[in-house]
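Heads up, the thing below is written out as structure tokens.
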Amino acid sequence: MELQPNDTQKLIQDTARGFARDRLAPNARMLDREERFPIEALREMAGLGLMGINVPEEFGGAGAGVVSYALAVMELAAACASTTVAMCVTNMCAELICQFGTDAQRKRFVPRLTSGEAVAGAFALSEPHSGSDASALRTTAKRVGDRWVLNGTKQWITSGAHAGVMVVWARTADTGGRGISCFIVEKGTPGLTAGRHEEKMGLRGSNTVPLTFENCEIPVDHLLGNEGDGFKLAMTALDGGRVGIASQACGVGRAALDASVKYMKERQAFGQPISEFQALRWFVADMQTQLSAAEMLTLRAAWMKENKLPFTREASMAKVFASEMSNRACDKAVQVHGGYGYIDEFPVERLMRDARVQTIYEGTSEIQRVVIARDLYRAHDARS
Ligand SMILES: Cc1cc2nc3c(=O)[nH]c(=O)nc-3n(C[C@H](O)[C@H](O)[C@H](O)COP(=O)(O)OP(=O)(O)OC[C@H]3O[C@@H](n4cnc5c(N)ncnc54)[C@H](O)[C@@H]3O)c2cc1C
């Protein structure tokens, strides 16, 4: 694995860094306060090739690989995690349709995601009664002639009220995980309703809604992959998605560290800058060490995915470690800022709220540890 980005990776990283600085950072506080979904910024990101970074160019993607994606997400999340989560889910949907879709599905839906026409993609797996235990989902899809008819409710769906193209999981048979299939559903399909926007602790510029399907009819050729393969598609997408969340976590953690160093050099106490106090030096030294380790784990998982190596364990390791280190860094950053860390005049208060969900969505920290331990046991059994 190369430690220096190659030319393509550098170009994507620089593009994301410039956009984050010029377009995302100035609006992040406003989006958070007003709970405003960043439609314009998402369209501009599509124009820069950031909505299909690992998607082939023939479908409107940048064809730049997973390491480029991770580097871009780190830059964007450091400026605005709310916008970045919508961008990540859109990339995830575009990749999933590319990987498992028919030629017709790829040509029809992927360019709508990568070009910004769809504004965003949505990934509708969780339900009111099933988050970690995704195989217990209850939404049904019944075949009636040349249509699938969907009934049920999805919960916590990122960008759900705005996404033009969604991937939706539903039960096609009563056979546990093997009875789940995946479907492509377009915004505006009769019978599909987005519910009330959730008022969240953080990521307040990101749209999070329940989706209700009431006799929602979609054409038979909107089945993504084979009938009954839905759970496999979800787990494949989530492995990649976890590299995205780990990258978000690295970005938010890095922003907290940068804000801390800046503040420590400016703030005076006892006749000197607080950066001179050893207690605070140890904070930033630990933050730097932990975030560097998180970045390495994340880029390693990205590199393994890019090189078509098994990366489930690495993605979970990166996700659990980066999200926990990001939360730790944000907590320390608030401490370094004293009282100013607790008010919204300084960015660390928002960073801490934005970081909190990283150990929850796309698989909680506990579920990541389940995945890591299971893979470890399997590898051990295979050796003995
Ligand atoms: C802001 C936000 C955005 C989201 N976006 C999406 C989205 O776009 N699409 C989507 O499908 N979902 C989305 N989600 C849902 C998210 O993925 C779930 O909330 C998450 O997977 C946890 O599921 P749950 O909330 O049902 O918690 P539960 O599964 O009920 O978990 C509750 C607790 O039990 C623990 N637990 C559960 N099972 C085990 C186990 N086997 N071993 C040990 N501990 C366990 C969990 O770790 C947790 O601490 C989003 C959630 C949020 C908050």
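The values are calculated or read from the model by the stated rules, or taken from the named source; none is laboratory data. Worth saying up front: this structure is predicted, and the values here are computed from it rather than measured. FYI the Cβ positions are ideal-geometry reconstructions off the backbone, even for glycines, and counts take in every protein chain you see.
Quick notes on this structure:
- All positions within the range 47-66 that are under 19 Å from Ser82 (Cβ atoms) and either among the basic types (Lys, Arg) or surrounded by fewer than 22 Cβ atoms within 10 Å (Cβ to Cβ) (or both): Leu48
The rows are residues; the columns are (1) more than 22 Å from Lys319 (Cα to Cα); (2) touching a residue at least 40 places away in the same chain (Cβ under 8 Å); (3) of a type in the set (D, E, K, R).
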| position | (1), (2), (3) |
| --- | --- |
| Ile53 | no, yes, no |
| Glu57 | yes, no, yes |
| Ser68 | no, yes, no |
| Ala77 | no, yes, no |
| Ala94 | no, yes, no |
| Phe100 | yes, yes, no |
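- Where a residue in the range 318-338 is under 13 Å from Val357 (Cβ atoms) and its partner, wherever it lies, is among the charged types (D, E, K, R), with Cβ under 6 Å and at least six apart: Lys319/Arg242
- Among the residues making up the range 128-140, a single one is within 8 Å of the ligand (Cβ to nearest atom) and surrounded by 20 or more Cβ atoms within 10 Å (Cβ to Cβ): Ala134.
- Options Leu309, Leu280: the member that is of a type in the set (A, V, I, L, M, F, W, C), over 18 Å from the mean Cα position of the chain (by Cα) and outside any helix (DSSP H, G or I): Leu309
- Enumeration of residues in the range 93-147 that are more than 30 Å from Ser365 (Cα to Cα), of a type in the set (Gly, Ala, Ser) and touching a helix residue (DSSP H, G or I) at 6+ places or on another chain (Cβ under 9 Å): Gly101, Ala104, Ser115, Gly116, Ala118, Gly145
- Any chance Thr102 is assigned by TED's automatic domain parsing to the domain that holds Leu50, among the polar types (S, T, N, Q) and either buried (at least 23 other Cβ atoms within 10 Å of the Cβ) or within 30 Å of Gly63 (Cα to Cα) (or both): yes
- Residue match in the range 81-92 (condition: more than 16 Å from the ligand (Cβ to nearest atom), in contact (Cβ under 8 Å) with a residue 60 or more places away in the chain and not assigned by TED's automatic domain parsing to the domain that holds Ile180): no
- Filter pass, Asn27 being more than 21 Å from Ala315 (Cα to Cα) and touching a Pro at 6+ places or on another chain (Cβ under 9 Å): yes
- Residue tally, condition out of contact with any Asp or Glu (no Cβ under 9 Å at 6 or more places or on another chain), of a type in the set (Gly, Ala, Ser) and under 20 Å from Gln9 (Cβ atoms), over the range 251-292: 1
- Contact map, the range 344-371: first residue in the same structural domain as Glu34 (by TED's automatic domain parsing), second residue within 15 Å of the ligand (Cβ to nearest atom) and not in a loop (DSSP other than H, G, I, E, B), Cβ cut-off under 8 Å, separation 6 or more or different chains; the map is empty.
- Residue within the range 343-350 that is outside any loop (DSSP other than H, G, I, E, B) and more than 15 Å from the ligand (Cβ to nearest atom) present: yes
- The condition of being of a type outside the set (Ser, Thr, Tyr), in contact with an Asp or Glu (Cβ under 9 Å, 6 or more places away or on another chain) and more than 25 Å from Leu299 (Cβ to Cβ) holds for only one of Glu40, Glu58, Glu35, Glu44, that being Glu35.
- Restricting Ala249, Ala315, Ala293, Ala301 to residues that are closer than 25 Å to Ala28 by Cβ, in a helix (DSSP H, G or I) and in contact (Cβ under 8 Å) with a residue 12 or more places away in the chain narrows the list to Ala249.
- The range 98-126, residues that are within 16 Å of the ligand (Cβ to nearest atom) and in contact with a Leu (Cβ under 9 Å, 6 or more places away or on another chain): Val119, Ala120, Gly121, Ala122, Phe123, Ala124, Leu125, Ser126
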